Each structure stands twice: as structure tokens, then as C-alpha cells.
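A quick write-up on the structure given underneath.
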Amino acid sequence: MESKPCKNSLAVKTSHVLPPDTNNHGTLFGGKLMAHIDDVAAISAVRHARKPVVTASTDSVDFLAPVKETDSVCVEAFVTWTHHTSMEVFAKTVKEDLLTGEREVCTTAFLTYVAIEDDGKPAQVPVVYPESAQEKQLHEGAPERAEERKKRRSHSKAVAADFGTDYPWNGNA
């Protein structure tokens, strides 16, 4: 399987923020922006693997600035690191006041996707390699982020096992 540069997986999507996308403060719903991020990051992962993918993890989505109705949001995503069947994708969202042209990074996030074979089992993915200084910076930090994800997932599984499917606080346990 041939290695691929980070830039080959770049996916970009710009969307206008409309009234149904906003909350009572007139700012974009966080969940709506997260859906944009997952959509673009998944496209990036598919571009790299050339196979269907599933979202395995979303690291913290850091909301750095509010996005107002009439702004646009531009999500850019690319694969920063790969393991056997998984890919880490970095996503950055830039908001733009379409009337003034003022732009600002409003979110950053790291997501992990797993490539899937036709039978639903994980599929091998090509190695990704960085070229630019920014790609190299993200690539070098990826193993540490992967280890943190592994620890967080283990903790999440333990919490899920402790809580189970019942609500212990309502007397049904």
C-alpha cells in the first residue's frame, strides 16, 4: 500500500449560517457545527483510505469564538496520522463575517476514523506523511494524542459498565 501526503486528504466545505441553525443567542448551535466538522473530516478520511469510514472518536471540540447568524463557516480537514486501520483527522473551522470580511478560527478538533471493509471489519489504511511545517507539528504530536484517546476510551468503557443501562438514581437498580 503506497504512502500518501497529508494534503491529498484535504477536504473543505463552506456553509452559510442561517436562522434555523442558531440558538436563542443568535449564535450557531454547537451541535450543528459539530455535524459540519464530522461531515468534512469523514470526507477527508475516505479520501485517504478510499474506503468507507466510521467515526471512532472525537477529541474535544474547542469552541474558540461564537458564530453569528449571517456568518459563514469554513471547515478544513486533513489526515494527520495513521495507524493500521485508523486515521487521525485535524479539523479547523474559520468563521467569516460576510459583510466585513473579518475572519477568525472558531473551532479546532481532532477526530479518529476507522476504515471499513465490505464485511464491516476494519480495513488497512495507507500510511500518511507530512510535508509542511504545520503538518509535521500535528503528525509528531499524534502518538501522544492517540495514547490519550486510548486511556479516555478505557475510562469511558469503565464508566459505561458501572452505570449500565438502568438509572441507579431513580430506584430501578
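A few points about this structure:
- Apart from one condition, residue 132 fits all of (1) under 20 Å from residue 45 (Cα atoms); (2) touching a strand residue (DSSP E or B) at 6+ places or on another chain (Cβ under 9 Å); (3) of a type in the set (Ser, Thr, Tyr); the exception is (2).
- Conditions (1) over 25 Å from residue 101 (Cα atoms); (2) out of contact with any Asp or Glu (no Cβ under 7 Å at 6 or more places or on another chain): number failed by residue 24: (1)
- All of 61, 79 fail the test of being modelled with pLDDT under 95, surrounded by 16 or more Cβ atoms within 10 Å (Cβ to Cβ) and in contact with a helix residue (DSSP H, G or I) (Cβ under 8 Å, 6 or more places away or on another chain), apart from 61.
- Search result, residues across the range 1-31 that are in a helix (DSSP H, G or I) and surrounded by 17 or more Cβ atoms within 10 Å (Cβ to Cβ): 6, 9, 21
- Which numbered condition residue 50 fails, given (1) free of Cβ contacts under 8 Å to residues at least 24 places away in the same chain; (2) among the basic types (Lys, Arg); (3) touching a Phe, Trp or Tyr at 6+ places or on another chain (Cβ under 8 Å): (3)
- In the range 86-129, the residue that is nearest to the chain's Cα centre (by Cα) out of those that are of a type in the set (Lys, Arg) and not in a loop (DSSP other than H, G, I, E, B) is 92.
- Options 127, 105; residue that is touching a residue at least 40 places away in the same chain (Cβ under 8 Å) and in contact with a Lys or Arg (Cβ under 7 Å, 6 or more places away or on another chain): 105
- Qualifying residue in the range 36-44 (condition: in a strand (DSSP E or B) and of a type in the set (Ser, Thr, Tyr)): no
- The listed residue being touching a residue at least 40 places away in the same chain (Cβ under 8 Å) and more than 19 Å from residue 45 (Cα to Cα), out of 80, 70, 165: 70
- Yes/no for residue 33 being within 17 Å of the chain's Cα centre (by Cα) and farther than 30 Å from residue 117 by Cβ: yes
The values are calculated or read from the model by the stated rules, or taken from the named source; none is laboratory data. Owing to the predicted nature of the structure, the values given are computational and were not obtained by experimental measurement. Note: ideal-geometry Cβ built from the backbone for every residue, glycine included; neighbour counts use all protein chains shown.
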